[in-house]
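Asks: Would you mind keeping the following structure in view while I ask a few things?
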Amino acid sequence: MSRRAVVIGAGLAGMLAAAALDGVVDEVLVLDRDELPEGPEQRRGLPQGHHAHLLMAGGIAAMEELVPGGRLRKTLLAAGAHEISLGRGMVALTPHGWLRRWRHEGPHMITCTRALLDWTVRQAVVESTRVEIRRGRVEGLLGDGGRVTGVRVSGSGEDGEDLTADLVVDASGRGSRVLNWLELIGISGITERTVDAGLVNATRVYRTPPGAERFPLTMVQADPYASRPGRSGMVLPIEGDRWMVSLAGTRGGEPPADPEGFLRYTLDLPDPIVGRLISGAEPLTDVRIGHSTSNVRRYLEKARRWPEGFVVLGDAVATFNPAYGQGMSVAAFGARVLSEEVRRTGLTAPELARRVQRGVARTVDAAWTMAVSQDVWYPEARGGGPGFADRLAAAYSRRLTGAATGSYVAASALWDVTSMTAGPARLLRPGAVLAATLGSPLPPLAGPPLTPEERGVLRALDRTGVAGAGDEGAGR
């Protein structure tokens with residue numbers, strides 16, 4: 001008998017879920033309410049699409065496992081995306097000082113527009129699988145609290161269309177109506193938590209200045225523990241010989257939308273390097289503002305009952321403050337859990353959906369803890385203040401980050417966790433704990449660790465007349 005899976009949402013999580021199910025069922029049908037673009041263009045329904053996205057090493061590895069062919073990384077780089085070494089290719093000012101650039105590469109991340117990433121994944125899945133994408137708005141689930149048997153899709157007729165399925169996957173994103181759908185089939189009482197630091201993103205795209213094509217990704221990080229609004233900024237390379245400049249400020253420190261205010265904000269950061277770089281660059285867009293930045297988690301895995309035949313992935317389970325660069329990788333991890341379970345036990349195994357949902361929750365836990373344990377410290381954050389565990393974590397995190405400004409052992413531990421190639425337990429290995437205890441063995445850098453050539457680029461671009469901190473060498 002023919003088996004069908006229906007995936008709700010043709011975004012990143014939806015397409016990865018579809019890839020996970022290809023070959024397990026006879027038909028995978030992806031439904032999306034929007035008309036999808038026919039190229040790497042911004043689509044509706046993706047509020048953060050105009051802003052900075054960092055695809056971590058752990059995330060790209062999971063995606064390449066899921067999508068047949070394993071060439072996503074090469075395809076993205078061929079389309080103009082950039083691969084950035086956390087060890088050498090990044091200039092970052094932490095609340096404890098500048099991070100050094102080491103001879104060791106460390107993990108890599110990929111930078112590009114979200115539009116290019118979504119398009120590349122969608123094309124790879126469509127071209128290498130039997131997955132079908134169809135436009136349609138899902139209005140609810142078919143079945144009952146024991147088993148979901150399909151979805152109700154709105155149509156031109158009064159009653160719409162019923163699509164039966166052996167498995168339904170909700171990957172419809174931040175705006176998912178999953179709690180309402182579940183209540184209508186008798187599943188209620190699911191806990192939901194929101195932690196909102198009030199972060200606002202402001203992003204503008206610039207043409208990469210001639211001679212600056214190899215300038216490192218540059219960021220000035222916010223300080224969650226300073227008892228004042230967090231303010232940050234970054235310049236990251238994207239496809240098309242462009243820089244994406246993204247600013248972020250929590251409640252009370254939001255970046256402005258006007259071009260003059262945008263530049264002033266960069267110059268008022270703890271170091272003006274972002275403003276100095278863009279003051280001599282040509283802007284290609286207006287400033288775009290984004291507000292969809294809260295951390296929201298639905299504890300679906302804790303429901304007393306869970307229907308067979310229904311799984312929820314990606315932002316429909318949990319969304320994160322985008323400042324931490326976790327959401328896309330977590331979506332990939334969840335789809336990988338789905339793939340592993342259906343291939344291990346088969347689609348009809350009892351409690352399959354429940355096991356997948358619990359596995360997905362485990363992939364969310366570390367990212368959720370990392371984001372929330374920092375966001376609760378910002379003034380006027382909503383959703384609860386720091387507890388005892390948050391205070392312990394903050395004390396150790398600050399100690400380790402301070403050590404990382406001059407300790408390769410501490411820095412590599414942070415890289416592994418930030419890149420999502422290792423979990424938080426990596427920070428508690430003996431070497432990392434000893435490095436945090438001893439602190440940095442090297443004196444703090446007086447300024448950004450730029451090479452002589454990079455310092456020349458910065459001076460040539462600077463139109464601000466604002467003095468930056470003294471430049472340092474390229475590190476060890």
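Asks: So, R0 is 25 Å and r is the distance between the beta-carbons of R207 and D258; what FRET efficiency does that work out to, to 0.05?
Replies: Efficiency, from the Cβ-Cβ distance: 0.80.
Asks: More than 23 angstrom separation, counting every C-alpha pair in region 375-469; what % is that?
Replies: 47 percent
Asks: Follow-up question, since we're still on this one. Is there a quick way to get the dipole size of the chain? I mean about its Cα centre, with the Cβ of Lys and Arg at +1 and of Asp and Glu at -1; what is the value in debye to the nearest 20?
Replies: 1280 debye
Asks: What does a probe at R455 reach in region 266-282, counting residues whose amide N is under 18 Å from the point 7 Å along Cα→Cβ?
Replies: 272-274, 276-277
Asks: Using +1 at the Cβ of each Lys and Arg and -1 at the Cβ of each Asp and Glu in the chain, identify which of A411, V364, A124 lies farthest towards the dipole's positive end.
Replies: A411
Asks: Note down the relative contact order for the chain as a percent, whole number, built from C-alpha pairs under 8 angstrom at least six residues apart.
Replies: Here the relative contact order equals 20 percent.
Asks: Based on the Kirkwood radius over alpha-carbon pairs, what value in µm²/s does the Stokes-Einstein equation return for the translational diffusion coefficient of region 12-153 at 25 °C and 0.890 mPa s?
Replies: 141 µm²/s
Asks: Moving to a separate point now. Which helices pass in the chain if a helix is a full DSSP H run, must span at least 18 angstrom along its long axis by Cα, and must have mean Kyte-Doolittle hydropathy not below -0.5?
Replies: 114-128, 327-345, 352-375, 388-404
Asks: Another question, then. Mind giving me the nanometre distance, one decimal, between the label points for Y324 and A78, set 7 Å out from Cα along Cα→Cβ?
Replies: Those two pseudo-labels are separated by 3.5 nm.
Asks: So how far apart, in nm, are the two label points at E192 and R147 if each is 7 Å from Cα heading toward Cβ?
Replies: Placing both labels 7 Å along Cα→Cβ, they lie 2.9 nm apart.
Asks: According to a simple spin-label model (label point 7 Å from Cα along Cα-to-Cβ), what is the distance in nm between E35 and L184?
Replies: Label at L184, label at E35, 2.6 nm between them.
Asks: P(r) for region 387-438, please, calculated from all Cα pair distances in 10 Å bins and given in %.
Replies: 28, 57, 15, 0
Asks: For E282 and R358 in the same chain, what is the full-extension length gain: residue separation times 0.36 nm, less their Cα-Cα distance, in nm?
Replies: Net length gain for the segment: 22.5 nm.
Asks: What ranking do Y265, Y378 get, fewest neighbouring Cβ atoms within 10 angstrom at the top?
Replies: So the ranking, lowest neighbour count to highest, is Y265, Y378.
Asks: Given P95, G136, V67, which one lies farthest toward the positive end of the charge dipole of region 1-146, if we put +1 on the Cβ of every Lys and Arg and -1 on the Cβ of every Asp and Glu?
Replies: P95
Asks: Right, next: Read phi for every residue in region 224-236 and hand back ³J(HN,Hα) as whole Hz from Karplus 6.51 cos²θ - 1.76 cosθ + 1.60, θ = phi - 60°, with x for Gly and Pro.
Replies: x, 9, 8, 6, 8, x, x, 9, 8, x, 8, 10, 10
Asks: A follow-up question, please. Given the chain reduced to its alpha-carbon atoms as identical point scatterers, what log10 I(q)/I(0) does the Debye formula return at q = 0.05, 0.10, 0.11, 0.14 Å⁻¹?
Replies: The calculated log intensity ratios at q = 0.05, 0.10, 0.11, 0.14 Å⁻¹ are -0.19, -0.75, -0.90, -1.38.
Asks: Just how large is the dipole of region 1-135 about the Cα centre, in debye to the nearest 20, putting +1 at every Lys and Arg Cβ and -1 at every Asp and Glu Cβ?
Replies: The dipole magnitude comes to about 460 debye.
Read the figures in this text as sums done on the coordinates, not as results from a lab. Only a predicted model underlies this, so the values are computations on that prediction, with no experimental measurement involved. Virtual Cβ from ideal backbone geometry, glycine too; neighbours counted across all protein chains shown.
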